[in-house]
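Asker: The structure follows.
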Amino acid sequence: MTALFLSRDDPGHFAAQAQDAVRAEFAGHGFGEMEECVFPGWRLLHAPYVEGGPTNFVKTGNNFIGFAGTFTFDGQVGRAALNAALAEIDPLAPDWNRIGGQFVMVIRKHGRSFLFTDWFAAFEIYHDRELSMFSTSLLAATSCLPELHFYPQAVYEHAFNIASIGDDTVFRELKKLGPFAVIELCEDGVKSHPLEKPMPEGIVQHDLPTHLDRQYELLNSVIRPWVDHFGNQIFCPLSGGLDSRLVFALLRNQGSQPSMYSYGEDDECDIIVARQICEALGIPIDVMDKEVYREIAIDDYSDQVERNFHDHDGLPNFGMIFDNGAGAYARSKRHSDGALSVSGGCGEVFRNFFFLSDRTYGAADVTRAFFARFALSDVTDEFNQREFLRGIEDKILAAIGRAGERGPLPRNALEWIYPAARCRAMFGHEISLEARYGAYLMPFLDHAVVGQAQSLPIKQKNAGRFEARLLATIDPELAGMPSCYGHDFLGAPGLGHRFSEWSTRIRPIALRHKSYAIQRRFADRADEHGGLATEDYLSRVIDLEYPIMRRFFRVENIGDSAIMRRVANLEYFAEKLGSK
């Protein structure tokens, strides 16, 4: 079940009245006919992976279990995992030592029904204010709500930081189910049960070989069930960096030879290095330049954007509804014939992601150093800088289980901000989209892997020291090959790599807070996710006066193509909603 829609089984309920619209939206995502399961008070629609894959729904008598996303239990995948989980899982107190993956699960046993997420709630499921409707599709959720209003805090987070943080969406009426609750689906409504997920305290004083051995063991335990199930039927990315190479090493270590791929132009360092590696190993690699995947005539642009809008479920992180269709094509290809796709995403759990010196900081410091990516000239009076930053600070503290702790935090708690807050926001939509097509493995976001990584001394995280040693331990052949850092991963990081990180770490928080705004004063900014977002194309699909987003942005002042593209995406979404 990688599409899921739950609603109250009440003919008068707004979601029940919109079932046709919901089914149509899921069909637009590529799903075939959705199956229906009715139980006291509720109606469940579900569908399997678009491209095929492991079983993800099992029904036995009046009991059932199903998930959207990617799930293991006791090192098992598919039907075996579900049968064991149905028998063994206590939904009110899941044993996370037995559970892996990123998913949302619905389970009914002993006459009670429950809904809960993976450890970090990385897989997205949306719900209304009354918790009477749950949907893995944002567009399906908006299709049945009678009225929607933009939520300024989340709109600005999406525009400035790629995705809204925490449980918020850009609409006041919709939230995402968070990690600290289990929802009991009762005949007359819901009960929300708190779910404790304590995070380890303090830096663990192991020697480096012990840290390496423990992380190696954990990663092997995450990878093994998938290699056992899929063998070589796995798609793996490769670039000139560390994370994808570490994933490849783990697969090779388990005896799998995945299909390798890379995205970019031939003269990019990532492509050059990836090709060098595969040539040295004598294996093929599929290289695709998404920008030239195909040309779109301007008269065909509106149809392409419409398809992208549904393929990407409305609001992809980089506003990529304006591309040439390459994103959806590549995603489907990565799961052809029901294959597994793996990702090196969240590999920064092994590194000093926020480039903070080895001392205590508050969540407000992290917010100012990393999330203050805005220029006041771009926004209207709707934006309040103090409230915006305080809103992010509050969400960060909630994500790491420290709500209201505004003072200095233990360094280990700061390290949890990246997986619990940033990874969930940054990768949640990607995980949810990818896992529609087939199983999608993001091993570095496994909660046990994260727990061990966050216990590392900070000096081992700087410049990727630990991650490089881990790679060299697993696969010295891969570690010894070139990289885009200017050095291989068998020895110490190069001077340029160390200096680049050091120069950021020593910058005062107050200066980092202003860095983006200062850079914008001197030059406009562009990113690699260009797409077909020039005005001649955009004029075919949105009103370039931006009548809805102009409430939030001084559009004519925005000199950042990435922000501009996300604002255009929001405008397109708003225009599609029409009178809502």
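Asker: Carbon-plus-sulfur fraction of the accessible area of the chain, 1.4 Å probe, in percent?
Answerer: Result for the chain: 49 percent of the exposed heavy-atom area is carbon or sulfur.
Asker: Would you list which lysines come within 25 Å of residue 576, measuring only between C-alpha atoms, while excluding same-chain residues fewer than 8 positions from it?
Answerer: Partners within reach: 175, 176.
Asker: Only Cα pairs under 8 Å and at least 6 apart count here; give the relative contact order of region 427-566 as a rounded whole percent.
Answerer: 14 percent
Asker: Also: Could you point to the residue in 364, 383, 339 farthest towards the positive end of region 336-431's charge dipole, with +1 and -1 charges on the Cβ of Lys/Arg and Asp/Glu respectively?
Answerer: Farthest towards the positive end: 364.
Asker: Loop sites only, by DSSP: take the GluC sites (Glu not before Pro) in the chain that have at most 14 other C-beta atoms within 10 Å and name the longest stretch containing none of them.
Answerer: By the stated rule (loop sites, at most 14 other Cβ atoms within 10 Å), 406-527.
Asker: Mean projection of the alpha-carbon convex hull of region 132-183 over all orientations, in nm²?
Answerer: Over all viewing directions, region 132-183 projects a mean Cα-hull area of 4.0 nm².
Asker: Okay, moving on. About the Cα centre, and with charges only on the beta carbon of Lys, Arg (+1) and Asp, Glu (-1), how big is the dipole of region 222-327? Nearest 20 debye, please.
Answerer: 800 debye
Asker: Considering only DSSP beta bridges whose two residues both sit in region 152-306, what percent are antiparallel, to the nearest 5?
Answerer: 50 percent
Asker: So which aspartates and glutamates can residue 395 reach, going by Cα to Cα under 14 Å and dropping same-chain residues fewer than 8 places off?
Answerer: Reachable aspartates and glutamates: 157, 167, 168, 365, 387, 405.
Asker: A follow-up question, please. Could you give the accessible area per residue of the chain, probe 1.4 Å, as a whole number in Å²?
Answerer: 38 Å²
Asker: Also, I was wondering about something else. Taking 8 Å as the Cα distance limit and 6 or more residues as the minimum spacing, I'd like the relative contact order of the chain as a percentage.
Answerer: 17 percent
Asker: When a/c reaches 1.5 or more, the comparison of a/b and b/c decides; with that in mind, is region 42-136 rounded, prolate or oblate per its Cα gyration tensor?
Answerer: Since a/c stays below 1.5, the shape of region 42-136 is classed as rounded.
Asker: Normalised by the number of residues in region 294-359, what is the relative contact order in percent for Cα pairs under 8 Å and 6+ residues apart?
Answerer: Reported relative contact order: 23 percent.
Asker: Size of the dipole of the chain about the Cα centre, Lys and Arg at +1 and Asp and Glu at -1 on the beta carbon, nothing else charged, in debye to 20?
Answerer: Dipole magnitude for the chain comes out near 1760 debye.
Asker: Within region 285-383, report the trypsin sites (Lys or Arg not before Pro) that DSSP leaves as loop and that have at most 10 other Cβ atoms within 10 Å.
Answerer: When the trypsin sites (Lys or Arg not before Pro) of region 285-383 are filtered for loop state and at most 10 Cβ neighbours within 10 Å, 294, 359 remain.
The values are calculated or read from the model by the stated rules, or taken from the named source; none is laboratory data. Predicted model only: the values in this text are computed from it and were never measured. Please note: Cβ atoms are built from the backbone with ideal geometry, for glycine as well, and neighbour counts cover all protein chains shown. Remember, those area values only see protein heavy atoms, side chains included, never the ligands or the DNA or RNA. Shrake-Rupley method; radii C 1.70, N 1.55, O 1.52, S 1.80 Å.
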